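Structure first, then comments.
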Amino acid sequence: MSKVLQIENLHVAIAGKEILKGVDLTLRQGEVHALMGPNGSGKSTLSYALMGHPNYEVTEGTATLDGVDLLGLEPDERAKAGLFLAFQYPTSIPGVTVANFLRHAVTNVRRPERQEGHELIPMREFRKELRGEMEDLGMDPEFARRYLNEGFSGGEKKRAEVLQLALLKPAFAILDETDSGLDIDAVRTVSEGVNRVAARAGMGVLVITHYQRILNYIQPQFVHILLGGKVVESGGPELVDLLEREGYEWARTKYPEAAKDEDELEQRAPSGQLTF
Ligand SMILES: Nc1ncnc2c1ncn2[C@@H]1O[C@H](COP(=O)(O)OP(=O)(O)O)[C@@H](O)[C@H]1O
Ligand SMILES: [Mg+2]
């Protein structure tokens with residue numbers, strides 16, 4: 001039976017400011033959805049809230065994975081329940097190699113009862129699996145010896161996320177602006193990796209992007225437009241073409257209420273991208 005990720009009437013606030021104002025989305029395993037919206041519309045807020053970032057406060061609504069209430073779980077428990085988030089800005093961890101990081105992550109997800117300090121998946125077994133996945137993704141085995149994201153190019157960071165995806169095999173993967181900062185060859189390579197890994201594991205995929213480009217390579221069956229913290233429209237791939245032709249101005253004109261909320265968000269947080 002394929003699993004369902006169900007988001008209903010989700011409201012999320014950051015530092016007391018409401019950013020998401022009632023988002024509904026339903027994903028099934030094996031489906032590819034795109035969530036498109038201009039900068040500041042709340043796309044990353046949705047992904048962080050689903051993953052359980054402590055700064056993102058869910059004030060109303062529900063999110064369940066196969067009936068399990070995600071919002072009551074810690075981030076690691078959400079990962080164990082089958083949710084994965086590829087970050088827009090992956091952090092580097094100097095001193096921790098890609099291989100070591102992945103061995104811990106994979107052990108924790110596959111053995112949910114494991115306590116910190118308990119045994120990891122045996123090295124030989126893990127190495128073999130890692131090597132196989134890297135080969136499959138056309139990655140140089142040396143890559144696994146480097147410190148996680150330390151000095152990685154934009155493309156390498158995203159490929160490291162895809163490698164994680166390949167090993168963790170979540171039921172649902174959220175890819176937040178996976179194409180940002182990548183040149184066209186890297187977008188293609190990373191997308192092909194996502195497609196292969198997702199198809200093999202029968203994942204549900206939510207591709208978050210403000211830009212149509214990556215959707216030429218990871219082709220969604222369902223497309224949702226987020227504006228001012230609300231999904232204003234859902235449809236098929238034709239929405240991607242429409243946005244490409246008409247831009248977000250089309251959505252702002254069609255949904256003036258959401259566009260007004262968007263203006264208010266801008267005024268409250270004019271600096272745009274904020275970090276923690
Ligand atoms: N940590 C934060 N503190 C305050 N406001 C934030 C924070 N993160 C995001 N915001 C605001 O929330 C809104 C949505 O941001 P975000 O979810 O990052 O949008 P998107 O990913 O669609 O570009 C923006 O107005 C942004 O300025
Ligand atoms: Mg974002």
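Contact annotation: residue pairs with Cβ atoms under 9 Å, 6 or more positions apart or on different chains, pairing a residue in segment 213-229 that is farther than 18 Å from residue 186 by Cβ with a partner that is of a type in the set (Lys, Arg) and within 15 Å of ligand 2 (Cβ to nearest atom), are 226/43. Restricting segment 1-46 to residues that are among the β-branched types (Val, Ile, Thr) and under 14 Å from the mean Cα position of the chain (by Cα) leaves a set whose member that is farthest from ligand 1 (Cβ to nearest atom) is 32.
Checking the conditions here, which among 100, 55 is closer than 19 Å to residue 229 by Cβ and surrounded by fewer than 22 Cβ atoms within 10 Å (Cβ to Cβ)? Step through it out loud before you land on a result.
On the way: 100 fails: closer than 19 Å to residue 229 by Cβ.
Result: 55 is the single residue among 100, 55 that is closer than 19 Å to residue 229 by Cβ and surrounded by fewer than 22 Cβ atoms within 10 Å (Cβ to Cβ).
The strands (runs of 3 or more DSSP E) located wholly in segment 1-115 that include 2 or more residues which are out of contact with any Phe, Trp or Tyr (no Cβ under 7 Å at 6 or more places or on another chain) and touching a residue at least 12 places away in the same chain (Cβ under 8 Å) occupy 4-14, 17-28, 32-36, 56-65, 83-86. When 3, 21, 43 are checked against the criterion of being among the basic types (Lys, Arg), within 16 Å of ligand 2 (Cβ to nearest atom) and at pLDDT 95 or above, 43 stands alone in meeting it.
Among (1) within 16 Å of ligand 2 (Cβ to nearest atom); (2) closer than 30 Å to residue 147 by Cβ; (3) at pLDDT 95 or above, where does residue 88 come up short? Failing condition for residue 88: (3). Checking each residue in segment 86-108 for being in contact with a Lys or Arg (Cβ under 8 Å, 6 or more places away or on another chain) and over 21 Å from residue 179 (Cβ atoms) picks out 97, 98, 99, 107, 108. Being touching a residue at least 40 places away in the same chain (Cβ under 8 Å), within 16 Å of ligand 1 (Cβ to nearest atom) and in contact with a helix residue (DSSP H, G or I) (Cβ under 7 Å, 6 or more places away or on another chain) is a description that applies to residue 207. Of all residues in segment 40-48, one or more are over 30 Å from residue 146 (Cα atoms) and basic (Lys, Arg).
Residues of segment 238-245 include none that is surrounded by 14 or more Cβ atoms within 10 Å (Cβ to Cβ), at pLDDT 95 or above and not aliphatic (A, V, I, L, M).
The values are calculated or read from the model by the stated rules, or taken from the named source; none is laboratory data. Everything numeric here is computed off the predicted structure, so don't read it as measured data. Positions of Cβ are generated from backbone atoms using ideal geometry, with glycine treated the same way; all protein chains shown enter the neighbour counts.
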